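Written out below as structure tokens is the structure these notes cover.
None of the figures in this text is laboratory data; all of them are computed from the coordinates on show. Predicted model only: the values in this text are computed from it and were never measured. Cβ sites come from the backbone with ideal geometry, for glycine too, and all protein chains shown count toward neighbours.
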Amino acid sequence: MTTAEIVAVAAAVVAALGLAGVVVLWRALRRVRAAQTTVLGAAGATDVVAYVVRLEQEIGVLRDYLEDVAARLDGRVKRTESRLDHAFSRRALVRYDAYGEMSGHQSLSLALLDASRSGVILSSILHRDAARLYVKTIHDGRSELQLSPEEEEVMRLALEQEA
């Protein structure tokens, strides 16, 4: 073989290797573009940097919205907790026979107190021919009026409960 033939064969081998390299690189580029389409969508002409910038802006808008929602929810929770503090959360009922007539414990005292131990005690006294209803207000666990033994018992039972 002459030198020209050896150079021609070497050039053909180098060209074949170059062509194989181009095919390998072309396939790799196709995989990268397919992955980019998966991430960026089919809209196509957006580069990765512009896409990331747009995503960062959208995340900022979303963060601002979530912070606003969280602030509004915090306000609503505080208002709700304040309202719940004044709801009756402690209650107790005691039934008794007020006149010792063996009437089947038809009289009763009912305590309804809130978290600050304030509320009312309702007492219904049943007699053979009459019924009376008494209401006594309670502030911070104390009554303005003197309580009967049954009313003291019902208040003690109510105050023992967790608010």
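Which of the residues belonging to segment 139-162 are of a type in the set (A, V, I, L, M) and part of a loop (DSSP other than H, G, I, E, B)? Quick ask: steps written out before the conclusion?
Residues of segment 139-162 of a type in the set (A, V, I, L, M): 145, 147, 154-155, 157-159.
Matches in segment 139-162: Leu145, Leu147.
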Selection within segment 120-138 - closer than 12 Å to Ala98 by Cα, assigned to a strand (DSSP E or B) and among the basic types (Lys, Arg): Arg132
Matching residues in segment 83-123 - criterion: being among the polar types (S, T, N, Q) and either touching a Phe, Trp or Tyr at 6+ places or on another chain (Cβ under 8 Å) or more than 13 Å from Gly141 (Cβ to Cβ) (or both): Ser89, Ser103, Gln106, Ser107, Ser109, Ser123
